[in-house]
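Single-structure report; data block below.
The values are calculated or read from the model by the stated rules, or taken from the named source; none is laboratory data. None of the values given here were measured: they were computed from a predicted structure. Methodologically, a virtual Cβ is constructed for each residue, glycine included, from the backbone with ideal geometry; neighbour enumeration extends over all protein chains shown.
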Amino acid sequence: MYPFFPDNYTWTFRTNGLLCESTYGGGSIGEIMQVVAKLNTRQPESWYVEFEAMADKVAALACDAQRAGLTLIASQRFLRASKYYQAAEFFVKVGDPKRMASYEKSIDCFQKGIAPLGNVEIVKVPYGDTFLPAYFVNASRKGEKRPAIVMFGGLDSTAEQHYFAVGRACPEQGLSILLVDGPGQGGAIRLNGIPTRYDYEVPAKAAFDYLETRSDVDTKRVALMAWSMGGYYAPRGAAFEKRYAACIAWGAQYDFEEIWNKRPDDYPLAIYLMWILSVDNMKDARQLLKNFKLRDVAPLIECPTLILHGEDDQQIPLKDAYSTYELLRCPKKLKVFTKQDGGDQHCQFDNLQLAREEMFGWLTEVFALGK
């Protein structure tokens with residue numbers, strides 16, 4: 001991982017991720033580097049200020065192109081602006097009005113950006129008396145049934161981010177993908193107030209139920225995938241929702257309570273953890289985390305399962321990947337990305353392309369794609 005900010009891991013991590021996501025339209029390397037050159041870790045607000053300014057600039061250019069009838073150029077610019085607004089929002093504290101304002105602008109730009117593409121649908125996945133916001137990226141041609149992925153996020157990611165990280169690449173592989181803001185994620189919590197839950201088989205079931213309403217999905221070949229904290233969510237969902245034919249834990253988890261037992265109450269992500277759990281103190285958050293464990297869950301998974309993990313993951317130790325892998329009784333594979341490979345950081349944010357290639361190669365075999 002290139003050390004853009006040697007004294008600030010989170011800024012370095014996010015910058016590397018932004019550059020990787022630019023491959024599929026989630027930004028321009030030149031624009032990102034323009035912003036990075038202006039950032040100052042001694043002025044924490046500079047991250048928000050500079051990314052918000054770049055987002056405003058690119059969104060204005062998108063509107064210019066739209067007025068000129070340059071539909072595809074406008075689309076590209078709206079998508080980049082969306083990503084910059086979400087980057088700006090990321091380090092703004094929960095409850096700050098700027099956070100929701102940036103998020104809402106990002107959604108507006110994203111949905112304007114996908115409108116001309118023709119293969120991305122805005123979806124509401126029924127969930128109790130409300131819904132989970134989602135996007136369906138369709139690989140089907142003329143209504144043929146295609147295998148699909150259901151993807152949830154982690155602690156702090158969004159369905160729009162997942163589009164740039166992996167969703168846009170799926171149709172090239174003959175895969176459709178349902179990008180879902182699950183409980184505690186993206187619009188589910190920001191707009192609908194839905195906190196996370198340990199029994200993620202509930203939203204996993206809701207997502208599968210939605211796919212069963214579509215005539216263009218091969219429901220015998222649907223994978224459940226999630227990253228980061230989702231390394232718990234996806235295995236938990238696959239363990240109890242048996243309709244999934246494959247599971248991908250993109251960044252392993254084993255015992256989320258144990259991870260947080262090693263972190264102080266003022267850990268930078270603590271405010272976000274309390275937010276997604278809908279509690280106002282870390283004592284209550286830690287109590288809820290007692291259920292977020294795979295020790296008794298992983299052995300129940302029956303479908304083929306892939307675990308991806310970075311050798312030098314600075315958020316979740318590599319031993320957790322081995323602990324989870326050893327519990328699996330299903331057909332399984334653990335891919336550890338080394339520094340020599342590239343991708344040795346958390347969820348391969350230093351080299352997303354390697355993760356995409358690994359998961360697509362594995363799904364090609366498991367789903368017999370092309371046959």
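Side notes on the structure shown:
- When Leu79, Leu19, Leu39, Leu70 are checked against the criterion of being under 24 Å from the mean Cα position of the chain (by Cα) and free of Cβ contacts under 8 Å to residues at least 40 places away in the same chain, a single residue qualifies: Leu19.
- The sole residue among Ala60, Ala87 that is of a type in the set (A, V, I, L, M), over 19 Å from the mean Cα position of the chain (by Cα) and not assigned by TED's automatic domain parsing to the domain that holds Phe164 is Ala60.
- Residue, surrounded by the most Cβ atoms within 10 Å (Cβ to Cβ), within the stretch 86-126, restricted to residues that are more than 26 Å from Pro171 (Cα to Cα), of a type in the set (Phe, Trp, Tyr) and in contact with a helix residue (DSSP H, G or I) (Cβ under 6 Å, 6 or more places away or on another chain): Tyr103
- If only residues of the stretch 224-257 that are of a type in the set (Phe, Trp, Tyr) and not in a helix (DSSP H, G or I) are counted, the one that is nearest to Phe367 (Cα to Cα) is Tyr244.
- Subset of the stretch 215-256 (residues that are more than 14 Å from Met151 (Cα to Cα) and either touching a Gly at 6+ places or on another chain (Cβ under 7 Å) or surrounded by fewer than 19 Cβ atoms within 10 Å (Cβ to Cβ) (or both)): Ser215, Asp216, Asp218, Thr219, Lys220, Phe240, Lys242, Arg243, Ala252, Gln253, Asp255
- Taking residues in the stretch 218-247 that are at positive phi, and partners anywhere that are of a type in the set (Gly, Ala, Ser) and not in a helix (DSSP H, G or I), the pairs with Cβ atoms closer than 6 Å and at least 6 places apart or on different chains are Ser228/Gly154; Ser228/Gly251.
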